[in-house]
C-alpha cells in the first residue's frame, strides 16, 4: 500500500526495468542511506516480447525488493503512453500524495515513444503539483483536495536506448552497490532473453564506461531540470583529469 | 612570501580584479571555511587606463586581504599574455610548488586575448603538473626537481566580459558573503572610474540575476574541466523550478 | 472592443504579466513610437496564488494602459493551456482578424507547461494564418470567411523562468522607457506578494545584466523565428566589445 | 596610398578574393551608399596555383575598383599566416591608423589555416586597438604613438570553404548589386581556372540559396562578435516564414 | 493498389512534392538501381493555393512516374496533420504491410506544422512497427493481424523550408540523375506559380550549394535517426577539403 | 625504412598507443583487407611513467606488427608537442612523401595538450600538402621538391581521454578483429601498470558501449573533417533503433 505515505524520492518511468537500468545503482545507494523511495511505473510494460503476461510484474516486484525500494504502477497502456492533460494531472496528484523532495523522470528521449511521453508528463506534473487552488480550476478536480507540494529537484537519468550524453550534469559513483544493481537487472532476464545475459553485460559496459570517464568503477549519469547550486565547489569528488 | 607553502586552492587569472569579479564571493566563502587560497595574477595588469602605475598592485593586495586570501603575480606582460610552452611550464611549476587540490582558471574566452591565453595556459599546466620524470625532458628542466602533483578539480568561473552561459555546471550561493565581495571590488574603484560605481552595480546585477535563476540572492556560476561526480544527488540545493 | 481593428503588433502570451516581464520595455517603446499593439492573453491567469479572483484582470488592464497598449483574453484555462488544433485555429483567426505585421510569441520553454503550449500554438497559428481557401478544409471553418494574412516577423522575448540565453538574436535598448516598464510591473505587486518587491527587483537585475552585456542600461532580449535580414550591417548599435 | 586616411570600414582577410567571395555584394552596397572602405589583405595570396606571380595583385586591384573600395596588403606570407603577437599588433596599428567604425574579419574557420590565423589575429587586434598607454608596454612600441580606437562592431562574413551556417546572425540583401559582385569575382577568373567559370557559378548558388532562405534573390550571411542590439525590432526586413 | 506488396523503401511525407523537393534525386537514383519505393503522402495537399482541387493529385502521380516510384496517400487533412496515437498506428500498420528496409521521414521541423507532426508520427511508427503481440494491446487492434517489422534505417532528408543544416549526417551525390529530379519538380509548376519557375531554380540552388560543399554538382543532404555504422571508412567518397 | 613508399592511410597521433586505443580495431580490419598503413607517432612518448626509457618503443613496434601496420616516429618531444609552422610543414612533407588517400588525425581535444597540438598540426598539414609551388614560398623549402598531394579524407577517431561523443559521424564495427586490438593493447601493459589490466578492460568497455549503441559487439567511433558523401544511403549497416 503506497497510498498516503510520504517518500524521499519518486522515480517515475514508463516501464518496469527502466528505472533499474538507468539508475539502479543510485537507487540502491540511496536506499542504503535510509531514503524511502517509490518507483512509479506509468505502465506495467505488458505485453512484453519474451515472457507471458504477469511475469514482468513479478520481476518488477522482486527487483524493487532487491534495491530496497517500493513500487507502484499507474496502469497506463504500454506503447500508448500519451502526454495528455489527464496523465499530467494524475502524476501531479501522485506527487502531491507522496510529497517527495526529489523526483527522477526521463530525459529528452527520441527512441521509445513511451519515454518521450513520460519525459513530458513528469516535467509538467512537477510544475502543476506546486500550484494551489485547484478547486477553482475546471478540469483540475483531481488535485483539489490536496496541498500544494514543491519538489526540490527533478533529475533525469540517462536512458540506455538514447545516444551517449557528452554533457551530462553529474555522475553518481555506484561502484559500492553495483552487485545490487546487477542482481536487480538479472531478475528481468526472461524479458531480455533474446540476447541472453549479453544485454545485461552490455548495459554494464555503459556504467563501466562512464565510470572510467569520471574515475570510478561504475557510474550512472544524470541531467538536471534546473541549474545546479552547491554550497561550495568542494562537494564534487576528484575528476580523472581534474 | 608564497614560496613553498601549500594551498588548498589556486586561482589563476590574467589580471588583478579578474578573480574578484568572477568569483570573489566563492573565495570569501572558502576562506571563511578555513581554506588557504592563493590568487595568481599572470600579469600585474599595468598599465591600466584610469590609474597611475602601481595603484592597481596596492588595490590587488587590499582586495586579497578583504577576501582572506593571499596573492602573487607571475609578471607576464598585460595585453601580451601568450600561450607559450614556457608560460605553461611556469604555471605548472607553481602548481607543483603549492600543491592545491583545486585550481580555478579561465573558461572559454573570446573577448580579451589575455583571458584566452590564460584559459589555455592553465588547462595545459594542470595536465603537465601531474607528470613525472621531467629531468628526462629536454626543455622541461623547470619542473625537474619537483614532485608530480595531481590537481583534483579544475573549475572555470564565468568572466563578466563573456556572453551569458545558458549551461553552466553549477552555481555557488554567495549571498552570505556578498558584502565582502562588494567591498573587495570597491577597492578597485579608480581603475573603473570612467563608469563610476555604476560598473560595480552592473557586475552585481549579474550575480543577482544568476542568483534568482537558482533561487538565492547572489550566485556565481562555474564550468568544470572534467565531468562532475557526486556521492549522491542530494548534495545539490533545491532549484527554483525543481 | 478589439474586434475588427488592425494592429501593428500582436503579443500572444499564456498569462497576464508574461508580456510585461518579458518585453514591457519594448512594448512601451513601440507604443511611444505610435504602434498600435494588442496583448493577447491566452488565459486570464486565474486562479492566482496570492490574490482573489478578478484582481489580476484589473491589474492586467492597468498595466496595458501604462504601457500604452490594448489587451484581450482568449479565455483558455490557466495551467491547462494545451496545444490543440482548435487552439491553433483560434489564434490564427485572431491574427487574421487583426492583421499585425509583427507577432511576439513565446520561445522554447520548458519550465511552465502553459508557456510550452503557447510557444507551439503561436508558431503554428502564424503559419496557418497565411493560408487561403479554408472553406475547403473540413475542420477549418473558423478561418473560412477571412482573408489570408502574412505576418512579417515572429519574435520570441526571453521568459524570465527560463535559463539565460547565451545566443539570443538581438537585444532592444529599453533604458529610456524603463520607468514605464517598472511601473507596469509594479501593478502586479499583489500576485508576487510572497516575495514582496524583491521579485521585481530581481527581474530588473536581468534587464540590467543583459543591458550591460550590450552596452546600455536596460535591455530585453529576443530570438527570431526566421533568420534576420537587414539592408546593411549599419543598422546595429555599437557593441561593448565590438 | 592608404596611410593616415580614415575609413568607415576595414575588411581584413587572409587573401585577395576572400572578401569579394564572402561579402562582395555587401561591399558594393556600402560603397554605393558612400562608405569609404579599405580591404586589407594579410597576404598577397602568392604563389597561386593557376596564375603567374603578380597576376593576382592586378586582379585584386581591379576587383576593388569594381566594388568601389580601396585595398592594401600587409605582406604576410600566404599559407604561413600565423597568429603571432607581432601580427596582432600590426593589425591593431592599422586599425588605429584608419579608425573604422566597422571591421569585418574572418569567422571560426577550420579549413584553411591562413583563415584560422586571420580569425584570431583580427579579433585580438580589435581589442588591443582600444587600449591606451602603449608607450608603457614593453613590446607594444608599434602602437605607442597612436590614439586608442574603439571599433563599434566586428562582423564575420561566411567563408565559402566552411560548412553552411545554420545559425548566422543576419543576412544582407545584395540582390540589387549582385551584378557588381559577379563582375568583381569574374576578374579572378584565371586563378580559379581549373574549374572554369563553374566555381563562380557555384559561389553564386550559395548566395542564391541563402537569399531564398531569407526571401530575397541574393544574400550574404554574417555572424557578429558581440550580441546585436537594435533600437527596436522593426529594423528587420520581413522573413519568408515570419 | 499498394496493398500487400513489399517495398525496399518507404518515403513518408506530409504532402505531395515534399519528397520530390527534399530527395527527388536520391529517389531517382535508387529507383534506377532497381529499388522498389513507395511514396506515402500523409495528406493530398488540398486545397492548394494556386491550383484547382485535383490538379495536385495528377501532378503527384506524374512526378512519381518520372522518378520511377509508386505513390499512395493516407488521406489525413492538409494543414491539420496531427501527431495522434491513431496516426502513429496507421503509419505503423502501413510499414508492417510493406516491410521496407529503409524509411525516409521528416527531420526536426519548425516551419510547417504538418511537417512537425509528420516528423513525430513517422519516428513513433517505425518504433511501434517492430513490436509484437498487438492483439494484447487495447487500442492497438489495427496492428494485431500483422507480423512485426524492423526497419533497418530511418533517414531524414533536409526540408527546403528549414534553416541550412551545418551538421548533416551525409550527402548523396545526385548529379547523374538531376535532370530527372528537375523534371519531376517541373510537374508541380502550377502550384508554385506565384513565383514562376524561379522557385524551382532556387530549390536547385540549394542542391548545387550542398553539392559544392561536398565536391559534386548536385547533392541532397540527410540526417539519420540512429548513429551510422559502416564496415570501414573507405565507403565515403572523397571530400572537397578531405 | 618508410622513406618514399606510398601508403593507403597515415594515422598521425601524438604518442605510441594513441592510435591503438582509439582505432586499433579499424586498423586491424583495414590491414586485413590489404591496406598499407603507416602509423606516425609525433613523439616517442618518452619518458613514460611506469617503464624505463626505450621500453615503449619496443612495445610500439610490437603493437604495429600485431595490427599489421608499419610505424615511424617524427621525434617531437613528448609533453611539449607544439603547433608550430615547422611542425605543420614537417607533417605536410610526410604526407606528400607517402601520398595516402586517408589520413586519421586527432579530433578536438582538450585533455592532453599534446593531443590538442596534434589535432591542429594534422589538420593544417593536410591542407598545406595539397598546395603547389612551395619553391616560391620563403619558409616552405621543406616541401619544395615534392608534388602536391590531395588527401581524400581526414577522419578523427575518438580519444579515450575525452568526453563521450553524442554526435559522432560514424562507427566502425570491429567485432571481428577485436582479439587483435586487445592483443595490441596488451603489449603496452607495463606503461599502464598502475592500474593493471583494469585500464585495458575499461577501454574495452568503451568499445563495447558504442558497439551496443550501434548494434554490434565492439565499435570504434569517428568524426570527419569534411561532410560525408555517399553514393546512396544503403551503404550504412542497420541501426539498433533504425
Exercise for the section: Calculate how many DSSP beta bridges within chain A are antiparallel, expressed in % of all such bridges and rounded to the nearest 5. Expected result: 30
Fill in the blank from the handout: Taking the convex hull of the alpha-carbon atoms of segment D:98-242 and averaging its shadow over every direction gives an area in square nanometres of 11.5
Exercise for the section: Label segment C:158-213 by shape, choosing from rounded, prolate and oblate, from the square roots a ≥ b ≥ c of the eigenvalues of the Cα gyration tensor; if a/c is under 1.5 it is rounded, and otherwise prolate applies when a/b is larger than b/c, oblate when it is not. Expected result: oblate
Problem - Helix-only CD estimate at 222 nm, as mean residue ellipticity for chain D, using -39500 (n - 2.57) per DSSP H run (n ≥ 4) - result: -11500 deg cm²/dmol
Problem - Burial order of peptide ranges F:15-26, A:200-211 (average beta-carbon count within 10 Å, highest first) - result: F:15-26, A:200-211
Practice task
Give the calculated FRET efficiency between residue F:50 and residue A:231 to the nearest 0.05, with a Förster radius of 45 Å applied to their Cβ-Cβ distance.
Solution key: 0.70
Fill in the blank from the handout: Here the FRET efficiency for residue C:135 versus residue F:240, based on Cβ atoms and R0 = 51 Å and rounded to 0.05, is 0.60
Practice task
May I ask for the distance between the Cα centers of segment F:186-242 and segment D:29-53, given as a whole number of Å?
Solution key: 46
Completion exercise
Distance in Å, no decimals, from the C-alpha centre of segment D:93-138 to the one of segment B:83-105 is 29
Completion exercise
Per the rotation taking chain E to chain F, min distance Cβ-to-axis on chain E (residue, whole Å) equals E:235, 2
Completion exercise
With N residues in segment C:56-141, Rg(alpha-carbon) / (2.2 N^0.38 Å) equals 1.19
Fill in the blank from the handout: In whole µm²/s, the translational diffusion coefficient that Stokes-Einstein assigns to segment D:84-128, given a Kirkwood hydrodynamic radius over C-alpha pairs, 20 °C and 1.002 mPa s, equals 201
Handout entry: Inter-label distance for residue B:198 and residue E:166, nm, one decimal - labels placed 7 Å from Cα along Cα-to-Cβ
Key = 3.4
Handout entry: Value of D in µm² per second that Stokes-Einstein yields for chain D, Kirkwood Rh from Cα pairs, at 20 °C (1.002 mPa s)
Key = 117
Exercise for the section: List the distances, in nm to one decimal, from the label point of residue E:186 to the label points of the same position in every other copy, shortest first, placing each label point 7 Å from Cα along the Cα-to-Cβ direction. Expected result: 2.7, 6.6, 7.0, 7.0, 7.9
Practice task
Please report, to two decimal places, log10 I(q)/I(0) for the protein assembly as shown at q = 0.05, 0.06, 0.07 Å⁻¹ as given by the Debye formula with identical point scatterers on the Cα atoms and no solvent.
Solution key: -0.39, -0.57, -0.81
Handout entry: Length released on extending from residue A:108 to residue A:36, taking residue separation times 0.36 nm less the Cα-Cα span
Key = 23.3 nm
Exercise for the section: Over the residues of segment C:1-118, compute the C-alpha Rg and express it relative to 2.2 N^0.38 Å. Expected result: 1.00
Exercise for the section: With both partners inside the protein assembly as shown, how many of the DSSP beta bridges are antiparallel, as a percent to the nearest 5? Expected result: 30
Problem - Anisotropy class of segment E:40-88 from Cα gyration tensor, a/c 1.5 cut - result: oblate
Handout entry: Translational D in µm²/s for segment C:93-184 (Stokes-Einstein at 37 °C, 0.692 mPa s, Kirkwood Rh from C-alpha pairs)
Key = 213
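Since every read-out is calculated from the coordinates, none of them should be taken as a lab result. What you are looking at is a predicted structure, and each value in this text was computed from that prediction instead of being measured. For neighbour counting, all protein chains shown are included, and Cβ atoms are generated from backbone atoms with ideal geometry for every residue, glycine included.
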